[in-house]
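Report on one structure; see the data block that follows.
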Amino acid sequence: MTGDADPVDADPGDALRAALRAAAGHADAWLASLAERPVRPAHGAAEVLARLDGRLPAGPSDPVAVVDALVEAVGGELTATGSPRFFGYVVGGTLPAALAADLLAVVWDQNAALASLSPAASAAEAVAGRWVAELLGLPSGVSVGFTTGTQMAHVTALAAARQRVLADAGWDVAADGLTGAPPVRVLAGADRHATVDAALRLLGFGTRTIVEVATDGLGRMRPGALRAALDADATDAAAADHRTATQRPTIVVAQAGEINTGAFDPLAEICALARAHGAWVHVDGAFGLWAKASASAPRRALVAGAELADSWATDGHKWLNVPYDCGIALVADRTAHRQAMSASADYFVLDSAGQLDPVDWTPEFSRRARALAVYAALRSLGRSGLRDLVDRCCDLADDAATRLAALPGVTVLNATGDRGGPRPLVALNQVLIRVDDPSPAAGRAHDPRPAVGTAARGDRLTRRVTAAVTAGGEAYVTGTVWRGRAAMRLSVSNWATTRREIDRAVAAIAEAIADATAEARRGPVRPGTVTVPAMAGPARPPRPRDADPHPGGVPL
């Protein structure tokens, strides 16, 4: 410490307030720069590590000096994920009320495990959870748990599913574990998100329990393929041990919003088929479930039937625009949910009504009061504000898709409409494009197999364009792989994004396409000269249905 005051006599509140004032000044500077600063960080993790990784101090340091040094070390290397020009992954911005409430959650430092420990956090979770379920059109009375993200929301909801389907088969998994339990089959679309597989591993199922169900060109589960898989399970079960189809422990995982295309599984058909076979349906709706709030009937129709499922997972830090981190697990069977999650200890002072202890609904004991930001976001938006947020993002995504489709060599891979026909061209807030050389002779000069050469050339061009756009800092887009070929994805998820930011992004993409196409035509690309985004992955042929569901990396 510096100064003449004796640390023993110093008011600890003074140090807290001084540090907070310093942080507030840096926060204000960051927010003021957000709209115009380069979206990408200036350098990578190695440079930040070199600044941070010094010798551990031998003694205390002034808190304000620590805050200032931290900002100096990392400030230039932050990705502006809150920028209205950030279109990578599926990352929302931060609503003003949600940001302020989250700041208070940190200052108030509430442990949200027990109602007796923090009545305020518990009450906020109860109200925010009820509002979320209502806005998503889910049955009244669903139980809700606030988690770190959809990954842990999957774990929570699928743990409830495991509890119920095994209990229906006469097995108490909470007491007896999985050893010797009836095998549980999990049916999921071939284009499911990788967090589903991770959740199943964490729950002890293993990925070999997954029966992949065929999907269509946009990644939607085919009901006929699901019916065949369910019927095959029933036949196999009956032959093995004479149980009926309704007794076979089965979980179906459906998807509301494929991460690349934004497409929805036919939820009503899936739920009807699963119910006929006694299966539990879990819906991965990390961002897509919020389409329920739209004023557009076609968009709301995408999520029709979701209310018939047994459990759901979504994020707050995507389309709802609350700060990281926030996931939400919702379960129709409150008993199964609580049995799967609830824990107790002799020192716990529990809610006498047995309803308001958040520890009963998530895997965590100690955790932050993340529901305060959700409550603030929903109260600040109201129904109409949420509706406008969803529809504005979708309309802007469609505008971007339509204008990109008009560029030479660009194909919108997730188009559901006709470029020259009625709008929209894309159904939701995701835009998936590929860049091919528009020249008829592209690829023929250097490859005796024109089709293969042209496809590989398109992979290189798409990766080059994706890297150039993000490196330029004008917009942040991410690469992915779709049906074995390189693609670029834009996700419009920020409440602050306007047509101006779309104009800038489209202009940056058009310029990068022109530069990359001209450079590629000057000669073959030498190995090692293309900067490939980390998530893009190498080009490869379409995967077989028993291969890794997300080649080239996990699309977040």
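The values are calculated or read from the model by the stated rules, or taken from the named source; none is laboratory data. Just so we're clear, the structure is a prediction, and the values are computed from it rather than from any experiment. Please note: Cβ atoms are built from the backbone with ideal geometry, for glycine as well, and neighbour counts cover all protein chains shown. SASA here: full protein model, heavy atoms, side chains in, ligands and nucleic acids out. Shrake-Rupley method; radii C 1.70, N 1.55, O 1.52, S 1.80 Å.
Observations on the model:
- Scanning the range 311-332 for residues that are open to solvent by 20 Å² or more (accessible area, probe 1.4 Å) and either among the aromatic types (F, W, Y) or farther than 26 Å from A373 by Cα (or both) gives a single hit, Y324.
- Selection status of A336, open to solvent by 10 Å² or more (accessible area, probe 1.4 Å) and either farther than 16 Å from Q151 by Cβ or small (G, A, S) (or both): no
Quick grid of which residues meet (1) touching a residue at least 40 places away in the same chain (Cβ under 8 Å); (2) open to solvent by less than 50 Å² (accessible area, probe 1.4 Å); (3) over 29 Å from Q430 (Cβ atoms):
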| position | (1), (2), (3) |
| --- | --- |
| A18 | yes, yes, yes |
| A24 | no, no, yes |
| A27 | no, yes, yes |
| E47 | no, no, yes |
| G82 | yes, yes, no |
| V106 | yes, no, yes |
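- The set of residues from the range 23-58 being in contact with a helix residue (DSSP H, G or I) (Cβ under 8 Å, 6 or more places away or on another chain) and more than 27 Å from V477 (Cα to Cα) comprises A23, R51, L52.
- Residue within the range 342-353 that is in a helix (DSSP H, G or I) and either of a type outside the set (F, W, Y) or under 22 Å from S140 (Cβ atoms) (or both) present: no
- Residue tally, condition aliphatic (A, V, I, L, M) and assigned to a helix (DSSP H, G or I), over the range 486-525: 13
- A single member of L428, L432, L407 is part of a loop (DSSP other than H, G, I, E, B), modelled with pLDDT of 95 or more and within 21 Å of A508 (Cα to Cα), and it is L407.
Yes/no per residue for (1) open to solvent by less than 30 Å² (accessible area, probe 1.4 Å); (2) in contact with a strand residue (DSSP E or B) (Cβ under 6 Å, 6 or more places away or on another chain); (3) modelled with pLDDT under 95:
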position: A124; (1), (2), (3): yes, no, no
position: G129; (1), (2), (3): yes, yes, no
position: T147; (1), (2), (3): yes, yes, no
position: H154; (1), (2), (3): yes, yes, no
position: A157; (1), (2), (3): yes, yes, no
position: A160; (1), (2), (3): yes, yes, no
position: A167; (1), (2), (3): no, no, no
position: W171; (1), (2), (3): no, no, no
